[in-house]
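A short write-up of the structure that comes next.
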Amino acid sequence: MKVNRDGAAYVVGHTLSCKKSGAATPAGAQQTGGAVKSEENNAALIAVEHHWTQAEIHGDVAYVDALLADSYRSVSADGTAHPKSAILASVKANGKSNKMALLVASYMKAHPFGTLATIQGDTGVVTFYSLKQGPKKGVMSSDVFDYAGRR
Amino acid sequence: MKIQKLAVVALAAMVALGKASVAWSGPRPIQTLEYFVGAWNCSGSFPATCRAISSNIRFERDLGGAAILKHHDDGPPFSYRAAEEWVYDSAQKHFLASIVDASAGMRTFSSDGWGDGAFIWNSGSDVVPKQQFVYTKLTDDTMRVD
């Protein structure tokens, strides 16, 4: 543990001295590099998904706008399709209060879920499933990502 | 996860990473993180045990420049691997990071940005005990991570 400037205690993992060795390989270019790379990319996809959730909750319209394709549609179980414009309007509204953040926190607490990510070529799928029912019978929702234009 | 999907079971949707661009009136805060972009070879130790450690860290631009993606891989005998996405939250006016490690743990951090030559991430309320990562710029191609 160490004490920060404000007096708060923090966990210290490690101390590293780093030297830049060159340019990084563009994101997504290592999808065929074996199990380790696959694991990394899956984790990266889940991180993006997590940020998506946070952006929607807290009203980060710019992030959601950058993430979603213009042709994006969110389809509910009843068949209703929600266009990108409606989603961005909803995100903007979420940013005006913590109402959605509280709702989501409450839902997640009441419905514990697991996350799976798979990537095949330029397409990634993130699946959320009920921990109670498992990934084979308890799929709650899925999001499909298309890796476009090296972004 | 789509928020609208939280209350209902939903079907698949199509998403393109960074398909749209965002108009900004001035330098984007995320551009202050350009320093990190690239591959870094790191060596150091765990203060608590003095055990030596080596790590490879890669930073890449993502979402059309709206985000920085970081991969952190410790070398043997350690097996920690993590993927991090760093973005600027224009609503909250601070940086946010999601860190996912190989054991599927997920943590959220925030930062006010560069200050005194260092970029500091502080963990969110979901992380107990609190964690902090300090990236100190030493030169254009050397840094320290605490």
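The values are calculated or read from the model by the stated rules, or taken from the named source; none is laboratory data. This structure is a prediction, so every number in the text was calculated from the model and none was measured. So basically every Cβ, Gly included, is an ideal-geometry build from the backbone, and we count neighbours across all protein chains shown. The protein model used for the area step is the full one, side chains on, heavy atoms only, and it has no ligands, DNA or RNA in it. Shrake-Rupley method; radii C 1.70, N 1.55, O 1.52, S 1.80 Å.
What FRET efficiency comes out for B:Cys50 versus B:Thr139 if R0 is 30 angstrom and r is the Cβ-Cβ distance? Round to the nearest 0.05. E between B:Cys50 and B:Thr139, to the nearest 0.05, is 0.70. Shielding by partners for peptide A:77-83, expressed as the average number of C-beta atoms from other protein chains within 10 Å of each residue's C-beta, is 3.
Chains B and A together bury some 7100 Å² of accessible area, summed over both sides, with a 1.4 Å probe. At the residue level, B:Arg51 shows approximately 130 square angstrom of accessible surface with a 1.4 angstrom probe and all protein chains present.
Amide H contacts of B:Gly75 (H built 1.01 Å from N, in plane; Pro and chain starts excluded): B:Ser54, B:Ser55, B:Asn56 sit under 5 Å, all sequence-distant by 5 or more or on other chains. Phi angles of segment A:121-134 translate, via the Karplus equation with coefficients 6.51, -1.76, 1.60 and θ = phi - 60°, into HN-Hα couplings of x, 8, 10, x, 10, 10, 10, 10, 9, 5, 5, 6, 9, x Hz per residue; Gly and Pro are given as x. Near B:Ala67, the amide H atoms lying under 5 Å from its own belong to B:Asp62; only residues 5 or more places off or on other chains count, and H is placed 1.01 Å from N. Estimated at the nearest 10 Å², the accessible area of A:Glu56 is 10 Å² with a 1.4 Å probe.
Taking amide H as placed 1.01 Å from N in the peptide plane, the amide H of A:Ser74 sits under 5 Å from that of A:His82, each at least 5 places away or on another chain. For segment A:55-102, the relative contact order works out to 50 percent when only alpha carbon pairs closer than 8 Å and six or more residues apart are counted. Normalised per residue, the accessible area of segment B:31-146 is 43 Å², obtained with a 1.4 Å probe and no contribution from ligands, DNA or RNA. How big is the gap, in Å, between the Cα center of segment B:89-146 and the Cα center of segment B:29-46? That distance is 11 Å. Legend: mean number of C-beta atoms from other chains within 10 angstrom of residue C-beta atoms, peptide A:57-65, equals 5.
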